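Here is the structure we will look at, set down as structure tokens.
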Ligand code: AMP
């Protein structure tokens, strides 16, 4: 079955209704396009959970701040379609902004509290409201059995789990591991913004996270590790660092001292035109993930 692309909610719903009538299980993989192997790995995971896989491609204006890269964000639909076809994805949903936000659109979806006012929620005000709004719409438009999200955007995954549970959206939210380049840089559509010399130093982010993770898992005090990590990131040419923090893997509560329960180290830092994010799991006493 080769890839079909639809641009309207009506066509999306008609295709999904046809699959449902055949008793098939459906998975959704929401993306903003400019696809790379990280996105494709989500489609493979989707395939393990479903008979039919939908990938949505939509650069959602409401999750970008006024001075962010909405205009510059790469839009590469023909290339994306080739990758999805080769990956065996059945349906690409690529709506226009007007299709998603028609005249008169007035509804917000907002997740309150500790999960959204830290990390990217603090450095990108309104970002997670935009994410919650668009993902709610995509889930209700396609009504899949499951939806796949990368741990690359770990806080986003937690926020999506929260509102899907709070709003009783009948979908399994499945997290997927981070895919990295050979030198450890987390794959990202925004890596395209990096100039060659920036690309060469970009893996520093992953290296610093891996070093801190290894030490913190053995019980080392976090403050000196984080201070040294910040120095190394700045020395590599990143500026500014939005955050370098260790937080509880479930609640995202800040950890200041040592790691005694499952945690996550998070970083966001700017390198040239790109704002890069990454994170690692810290398992106390265990091996780094
Ligand atoms: P984006 O197109 O950047 O909005 O990402 C779409 C989905 O792909 C999100 O669930 C991301 O977390 C996921 N994703 C992006 N990069 C990676 C990666 N390197 N590994 C795994 N998942 C990723």
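The values are calculated or read from the model by the stated rules, or taken from the named source; none is laboratory data. All of these numbers come straight from a predicted model, not from anything done at the bench. Here the Cβ positions follow ideal geometry from the backbone for every residue, glycine too, while neighbour counts run over all protein chains shown.
The table below gives the values:
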read-out: All positions within the stretch 22-51 that are without any contact (Cβ under 8 Å) to a residue 12 or more places away in the chain and away from the ligand (no atom under 16 Å from the Cβ); value: 22, 23
read-out: Hits in the stretch 156-166 - residues which are buried (at least 19 other Cβ atoms within 10 Å of the Cβ) and within 18 Å of residue 189 (Cα to Cα); value: 156
read-out: Qualifying helices (runs of 4 or more DSSP H) (wholly inside the stretch 172-267; at least 3 residues being away from the ligand (no atom under 16 Å from the Cβ) and buried (at least 18 other Cβ atoms within 10 Å of the Cβ)); value: 204-217, 222-235
read-out: Test: residue 148 is in contact with a helix residue (DSSP H, G or I) (Cβ under 8 Å, 6 or more places away or on another chain), part of a loop (DSSP other than H, G, I, E, B), in contact (Cβ under 8 Å) with a residue 60 or more places away in the chain and crowded, with 18+ Cβ neighbours inside 10 Å; value: no
read-out: Pairs with Cβ under 6 Å, 6+ apart, first in the stretch 163-180 and closer than 16 Å to residue 44 by Cβ, second within 10 Å of the ligand (Cβ to nearest atom) and part of a loop (DSSP other than H, G, I, E, B); value: 179/187
read-out: Only one of 112, 69 that is touching a strand residue (DSSP E or B) at 6+ places or on another chain (Cβ under 9 Å), surrounded by fewer than 19 Cβ atoms within 10 Å (Cβ to Cβ) and not in a helix (DSSP H, G or I); value: 69
read-out: Evaluation of residue 19 against (1) in contact with a helix residue (DSSP H, G or I) (Cβ under 9 Å, 6 or more places away or on another chain); (2) more than 13 Å from the ligand (Cβ to nearest atom); (3) in a helix (DSSP H, G or I) (one fails), failing number; value: (1)
read-out: Counted residues, the stretch 158-194 - those being closer than 22 Å to residue 208 by Cβ and in contact with a strand residue (DSSP E or B) (Cβ under 6 Å, 6 or more places away or on another chain); value: 6
read-out: Checking residue 156 against (1) more than 16 Å from the ligand (Cβ to nearest atom); (2) not assigned by the TED database to the domain that holds residue 256, the condition it does not meet; value: (1)
read-out: Selected residue [touching a residue at least 24 places away in the same chain (Cβ under 8 Å) and assigned by the TED database to the domain that holds residue 29] from 114, 86; value: 114
